[in-house]
Amino acid sequence: MNVVVVQGVVVREPEIRELPSGSRLVSFDVRTEGPDGRAEAVPVSWADPPAADEDALVEGGEVLVVGRVRRRFFRSGGATQSRTEVVAEQVARPRQAKRMRSALASAAEAISGAG
């Protein structure tokens, strides 16, 4: 089972890339507060988000992300490097209370179905 829920604030303007396949990939960081009160930045990737949702992602906006953790490897500067990120399946904003409840219910269902 690989389920993650992250709630926080978008800390950088989302980067939108068009992939060779024609898909769109939106990347952004979400600032959360750790158990010790320190801020942590969580990188998020979201493939083919609905256009309205993509436009609503703005720096400083609060979001709830439900997805999975992925570690990807790539070559850079002649060396293999890695990055751990959240692959978003659903992203909701606080104004979308119904959508936030639905996203959390999906995460809870995934967790309870795994046991």
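Structure above, values below:
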item	result
Residues in the stretch 87-101 reached by a label modelled at ASP55 [backbone nitrogen below 20 Å; 7 Å Cα→Cβ]	91-97, 99
Relative contact order of the chain, defined on C-alpha pairs under 8 angstrom at six or more residues apart (%)	27
Simple label model, 7 Å out from Cα along Cβ direction - ALA47 to THR32, nm	2.2
Over the chain - Rg/Rh using Cα atoms and the Kirkwood inverse-distance radius	0.98
Length released on extending from ALA105 to VAL11, taking residue separation times 0.36 nm less the Cα-Cα span	31.2 nm
Residues whose placed amide H lies under 5 Å from that of ARG12, excluding near-sequence neighbours	ASP29, GLY60
In range of the label at THR84: residues from the stretch 29-48 whose backbone nitrogen is under 18 Å from the point 7 Å along Cα→Cβ	29-45
Tail fraction, Cα-Cα pairs, the stretch 41-87, threshold 17 Å, whole percent	47
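Here, each number is a calculation from the coordinates, and none is a lab measurement. Because the structure is a prediction, the values reported are computed rather than measured. So basically every Cβ, Gly included, is an ideal-geometry build from the backbone, and we count neighbours across all protein chains shown.
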